[in-house]
Ligand code: OSB
Ligand code: MG
């Protein structure tokens, strides 16, 4: 595919409700939408960096810099064969996975459109709909948390994840478990703890949680091994798994029993597929994480999650959990069995609402 032009849309979309994690509170979702033209086709990708480096070190500003000044010169005017060809051209850029992944997503959209195949088909997906859950932000009180969770359970979500941080952990989790004795429940700390907190968190082990996500530092796989040895509940790594290699390290070190796959964090959908395969070979289940994506990123998550080893429900909720007006014409809805249907159209299988995209755009850069 000859890369003829690339457009970067720096957007900011208001969230329906603020989303609070151990690293901060989001009211708007910033992102970079990447539009690539090639041979009469247009492919779209989403770079899931946000306005702050709380989840990982990239932000939309660093991503725009890396996208414009380093990634673009390596691909503009070039003939890119496929995602692996793209990855090989990226080896001179260390890190910046969210930026790389946004471009790779647009290339996949182009490949699918050219071949008349959906991403699900290209990835070897086996499911027409995938089980999903909802990720619930930190709330002011345990009572408010139970109330918020109740709303989502009434919407039909059969799996709930709550965000935790020091001072908002054991009591919050116990309150939700008490209100919903049978719901599939898990917690996510986003790296808010150290091993010094492990004993205090031990009561979490009595709540029949599906998993405890990323309790410790992002760059510390070894302490997660120690943490996992203390807990019966499976530890799931998110932030720590920044490449398929890191998945292997975590498996070999017994640092977790489950892996959260996010194409952005891993540096591209191709790396998500590879991580899925590595985990599958070790009988380690994976699930698809979320980054409050727009309809573009959400479509890619659903395609990924249709692969066989995505055994646990993903953080891929319905569009109306995030945005009143999305930038795709298609909106994703929750089916009555707590699933969302995987798109079947060529590429990502979604079409961009240009007016909506324009209305959310803060800066636009075209290179050709
Ligand atoms: O850790 O999984 C996370 C959102 C932004 C950054 C990190 C995370 C999250 C979520 C939201 O949990 C998942 C979603 O609904 O998209
Ligand atoms: Mg997480």
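Inside region 213-305, counting only helices (runs of 4 or more DSSP H) that do not spill past its ends, which hold 1 or more residues that are at pLDDT 95 or above and more than 16 Å from ligand 2 (Cβ to nearest atom)?
Of the helices (runs of 4 or more DSSP H) lying wholly inside region 213-305, those with at least 1 residues that are at pLDDT 95 or above and more than 16 Å from ligand 2 (Cβ to nearest atom) span 221-230, 244-252, 269-281, 295-305.
Just checking, does region 262-272 include any residue being within 16 Å of ligand 1 (Cβ to nearest atom), in contact (Cβ under 8 Å) with a residue 24 or more places away in the chain and more than 14 Å from the chain's Cα centre (by Cα)?
no
Looking for something farther than 18 Å from residue 145 by Cβ and within 16 Å of ligand 1 (Cβ to nearest atom) - is there at least one such residue anywhere in region 186-193?
Checking region 186-193: at least one residue is farther than 18 Å from residue 145 by Cβ and within 16 Å of ligand 1 (Cβ to nearest atom).
Within region 167-199, can you find the residues that are touching a helix residue (DSSP H, G or I) at 6+ places or on another chain (Cβ under 9 Å) and assigned to a loop (DSSP other than H, G, I, E, B)?
Of everything in region 167-199, those that are touching a helix residue (DSSP H, G or I) at 6+ places or on another chain (Cβ under 9 Å) and assigned to a loop (DSSP other than H, G, I, E, B) turn out to be 169, 180, 183, 189, 193, 194.
What tally of residues in region 101-130 results from selecting those that are assigned to a helix (DSSP H, G or I) and under 15 Å from residue 43 (Cβ atoms)?
17
Just checking, does region 132-150 include any residue being more than 16 Å from ligand 2 (Cβ to nearest atom), buried (at least 19 other Cβ atoms within 10 Å of the Cβ) and within 19 Å of residue 258 (Cβ to Cβ)?
No, region 132-150 contains no residue that is more than 16 Å from ligand 2 (Cβ to nearest atom), buried (at least 19 other Cβ atoms within 10 Å of the Cβ) and within 19 Å of residue 258 (Cβ to Cβ).
Take the residues of region 24-51 that are surrounded by fewer than 18 Cβ atoms within 10 Å (Cβ to Cβ) and assigned to a loop (DSSP other than H, G, I, E, B): which is nearest to ligand 2 (Cβ to nearest atom)?
So the residue we want is 51.
Can you pull out the residues in region 52-65 that are away from ligand 2 (no atom under 16 Å from the Cβ) and either more than 25 Å from residue 299 (Cβ to Cβ) or surrounded by fewer than 22 Cβ atoms within 10 Å (Cβ to Cβ) (or both)?
59, 61, 62, 64, 65
Just need a number here: residues in region 341-368 that are in contact with a helix residue (DSSP H, G or I) (Cβ under 6 Å, 6 or more places away or on another chain), buried (at least 19 other Cβ atoms within 10 Å of the Cβ) and not in a loop (DSSP other than H, G, I, E, B).
1
Restricting to region 306-317, name every residue that is touching a residue at least 40 places away in the same chain (Cβ under 8 Å) and either more than 16 Å from ligand 2 (Cβ to nearest atom) or in contact with a helix residue (DSSP H, G or I) (Cβ under 6 Å, 6 or more places away or on another chain) (or both).
Residues satisfying the conditions are 306, 307, 308, 314, 316.
Does any residue of region 200-212 turn out to be closer than 25 Å to residue 57 by Cα, free of Cβ contacts under 8 Å to residues at least 60 places away in the same chain, in a loop (DSSP other than H, G, I, E, B) and within 16 Å of ligand 2 (Cβ to nearest atom)?
no
The values are calculated or read from the model by the stated rules, or taken from the named source; none is laboratory data. None of these values were measured; they are calculated from a predicted model. Positions of Cβ are backbone-derived with ideal geometry, glycine not excepted, and every protein chain shown enters the neighbour counts.
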